[in-house]
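The values are calculated or read from the model by the stated rules, or taken from the named source; none is laboratory data. All values derive from a computational prediction rather than experimental measurement. Note that each Cβ is placed from the backbone with ideal geometry, even for glycine, and that neighbours are counted across all protein chains shown.
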Amino acid sequence: MKNAINPSTGAVTITDAIPGGARAVSYNLTITGTVGSNGWVAVLPGTSTAVTASTINWYASGQILANGGIIALGTGAAERQITLVVGGLAGSSTNVILDITGYYE
C-alpha cells in the first residue's frame, strides 16, 4: 500500500506515496456492483484478518455505497499496509475502490 498504483494495470505510478513513519491513513471506501442481499467490507490495520466490525455493508444487489474513515497502518513486516476483507452470505460479492486521502505521522 505504500506505493500508488494504476488501478487498471496494477503498475506502480508513485513509489512511497505513503512515506515511512506514517502511522495512519484517511480513506474513502466505495463499493459498486454489489451481488447478494447481505454483504460487508472491513478495512483492517496491517495484515490483520480478525474482523470485529464492518466498515461498510450492503443489503441488495446493484448498490453503490461509500464510507470514509481513518485506519492505523501496520508496523514491522506489515509497515504501511492495510487489509480489506469482504464477507457476507454465500454468493455475496462486490467491487471495492479504496482512495487514500491523507496520512498521519
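Is it fair to say VAL43 is surrounded by fewer than 17 Cβ atoms within 10 Å (Cβ to Cβ) and modelled with pLDDT of 95 or more?
Against the criterion (surrounded by fewer than 17 Cβ atoms within 10 Å (Cβ to Cβ) and modelled with pLDDT of 95 or more), VAL43 does not qualify.
Being of a type in the set (S, T, N, Q) and out of contact with any helix residue (DSSP H, G or I) (no Cβ under 7 Å at 6 or more places or on another chain) is the filter here, so list the residues in the stretch 35-51 that pass it.
SER37, ASN38, SER48, THR49
Can you tell me which residues in the stretch 5-35 are farther than 24 Å from TYR104 by Cα and modelled with pLDDT under 95?
Listed by number, the residues that qualify are SER8, THR9, GLY10, ALA11.
For the stretch 1-75, please list each of the strands (runs of 3 or more DSSP E) lying entirely inside it that holds at least 3 residues being closer than 15 Å to ILE97 by Cβ and in contact (Cβ under 8 Å) with a residue 12 or more places away in the chain.
Of the strands (runs of 3 or more DSSP E) lying wholly inside the stretch 1-75, those with at least 3 residues that are closer than 15 Å to ILE97 by Cβ and in contact (Cβ under 8 Å) with a residue 12 or more places away in the chain span 24-35, 65-72.
Look at ILE97 and say whether it is surrounded by 15 or more Cβ atoms within 10 Å (Cβ to Cβ), among the aliphatic types (A, V, I, L, M) and on the phi < 0 side of the Ramachandran plot.
Against the criterion (surrounded by 15 or more Cβ atoms within 10 Å (Cβ to Cβ), among the aliphatic types (A, V, I, L, M) and on the phi < 0 side of the Ramachandran plot), ILE97 does not qualify.
For the stretch 77-94, does any single residue satisfy the condition of being modelled with pLDDT under 95, surrounded by 16 or more Cβ atoms within 10 Å (Cβ to Cβ) and touching a Phe, Trp or Tyr at 6+ places or on another chain (Cβ under 6 Å)?
The answer is yes; a qualifying residue exists.
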